[in-house]
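Asker: Attaching a single structure in structure tokens format; questions to follow.
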Amino acid sequence: MPLDKAKPSFVLPKLPFAENALEPVISARTISFHYGKHHATYVDKLNELVAGTPYESMPLVEVVKKSARQEKDKAIFNNAAQAWNHDFYWHSMAANGGEPSGRIKDALQSSFGGVKEFKEAFAKAAVAQFGSGWAWLVKGADGKLKIATTSNADTPIAHGETPLLTADVWEHAYYLDYQNRRPDHVKAWLDRLANWAFAENNLG
Ligand code: MN
């Protein structure tokens, strides 16, 4: 079926909250730039790059997985992965993230020894990620939860892992609010924004 060329292949998904919903941990100004400029630009750029290629009719997740294996499609991978990562990131946050409970708390307990231990390990990894990237809580093939970090656009879905939650540690995610203080941002993110209901849902 020919695609309607007037219609872009990929659209910027709606934010799952109001731009000011995460204040004071993340300001409306940060969300406005991060979503309205950075995320939107990845989607726009992806549409330009996939035009006339087999990627334009694939679901975004397939574009990420397939382009990850093609060195010549690096630019497509970068923009597709960033489009996917950001949508996952917005859902990884909630104004009332609170503390984990139920199945996800049990899973953190058995994989890390406790919620406190998990937070310490996640914060350490997020802060240690050199340069731009992401910190993730993922479910491995053995069902155990683990912490992963990826650089730039890289994403666990390109490596066959199941992400449960992610924190964006590119400077654009926190610089307006925290400048160079990534540790303070990560701590506030973990304590106040991490969306445990979303993480639990991703456990499957
Ligand atoms: Mn970002």
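Asker: Report the local net charge at TRP196: Lys and Arg +1, Asp and Glu -1, summed over other residues whose C-beta lies under 11 Å from its C-beta.
Answerer: 0
Asker: For the chain, what's the relative contact order in percent, using C-alpha pairs closer than 8 Å and at least 6 residues apart? Don't skip to the answer; put the middle values down first.
Answerer: Working: 294 pairs, mean separation 48.9, N = 204.
Dividing the mean separation by the residue count of the chain yields 24 percent.
Asker: Give me a comma-separated list of calculated 3J(HN,Hα) values for the range 35-52, in order, Karplus coefficients 6.51, -1.76, 1.60 applied at θ = phi - 60°, integers in Hz, x for any Gly or Pro.
Answerer: 7, x, 10, 5, 4, 4, 5, 4, 5, 4, 5, 4, 4, 4, 6, 8, 4, x
Asker: Give the carbon-plus-sulfur fraction of the accessible surface of the chain in %, rounded to a whole number; probe 1.4 Å, heavy atoms of protein chains only. Present the calculation step by step, with values, prior to reporting the outcome.
Answerer: On the way: 5430 of 10210 Å².
Its accessible area is 53 percent carbon and sulfur atoms.
Asker: Report, in cubic angstrom per residue, the convex hull volume of the C-alpha atoms of the range 28-91.
Answerer: Numbers: hull volume 4.8 nm³, N = 64.
Cα convex hull per residue, to the nearest whole number: 74 Å³.
Asker: Send over the per residue convex hull volume for the range 102-202, Cα only, as a whole number of Å³. Show your work: numbers first, answer last.
Answerer: Details: hull volume 9.2 nm³, N = 101.
Taking the convex hull of the Cα positions in the range 102-202, it is 91 Å³ per residue.
Asker: Name the long-range amide H neighbours of THR162: under 5 Å, sequence gap of 5 or more, or other chain; modelled H, no Pro or chain starts.
Answerer: For THR162, the qualifying residues are LYS139.
Asker: Starting with the highest mean, order 166-176, 37-47 by the number of other Cβ atoms within 10 Å, averaged over the residues of each peptide.
Answerer: On the way: 166-176: 20.9, 37-47: 17.8.
Output ranking for 166-176, 37-47: 166-176, 37-47.
Asker: Can you compute the FRET efficiency between SER110 and ALA197 using 1/(1 + (r/R0)^6), with r the Cβ-Cβ distance and R0 = 22 Å? Round to the nearest 0.05. List each step's numbers first, then the result.
Answerer: Working: r = 19 Å, r/R0 = 0.88.
It comes to 0.70.
Asker: Follow-up question, since we're still on this one. Calculate the dipole size of the chain relative to its Cα centre from +1 charges on Lys and Arg beta carbons and -1 charges on Asp and Glu beta carbons; express the result in debye to the nearest 20. Could you put the intermediate results ahead of the total?
Answerer: Values: 23 positive and 23 negative charges, 36 e Å.
Approximately 180 debye in magnitude.
Asker: A further question on this structure: Using only Cα atoms, figure out Rg for the chain and give it as a multiple of 2.2 N^0.38 Å.
Answerer: Details: Rg = 17.0 Å, N = 204, 2.2 N^0.38 = 16.6 Å.
Scaled against compact globular proteins, the figure is 1.03.
Asker: Here's a follow-up. With angles folded into 0 to 90 degrees, how steeply does helix 102-112 sit against the dominant principal axis of the chain? Use alpha carbons for both and round to 10.
Answerer: The helix 102-112 is inclined about 80 degrees to the chain.
Asker: Counting heavy atoms of the protein chains only and a 1.4 Å probe, report the per residue accessible area for the range 58-204 as a whole number of Å².
Answerer: The answer is 45 Å² per residue.
Asker: Could you give the angle, 0 to 90 degrees to the nearest 10, between helix 74-91's Cα long axis and the longest principal axis of the Cα atoms of the chain?
Answerer: Long axis of 74-91 versus the principal axis of the chain: about 40 degrees.
Asker: I would also like to ask the following. What do you get for trypsin sites (Lys or Arg not before Pro) in the range 93-147 restricted to DSSP loop and a cutoff of at most 12 other Cβ within 10 Å of the site's Cβ? Let's see the in-between values first.
Answerer: Details: sites: ARG103, LYS105, LYS116, LYS119, LYS124, LYS139, LYS144, LYS146; in loops: LYS144.
Of the trypsin sites (Lys or Arg not before Pro), the ones in loops of the range 93-147 whose Cβ has at most 12 other Cβ atoms within 10 Å are LYS144.
Asker: For ALA28 and TYR175, what does the FRET efficiency come to when R0 = 22 Å and r is the distance between their Cβ atoms, rounded to the nearest 0.05? Walk me through the intermediate numbers first.
Answerer: Details: r = 15 Å, r/R0 = 0.68.
The computed FRET efficiency comes out at 0.90.
The values are calculated or read from the model by the stated rules, or taken from the named source; none is laboratory data. These figures come from a predicted structure and were not determined experimentally. For neighbour counting, all protein chains shown are included, and Cβ atoms are generated from backbone atoms with ideal geometry for every residue, glycine included. Surface accessibility is based on the protein's heavy atoms, side chains included, excluding ligands, DNA and RNA. Shrake-Rupley method; radii C 1.70, N 1.55, O 1.52, S 1.80 Å.
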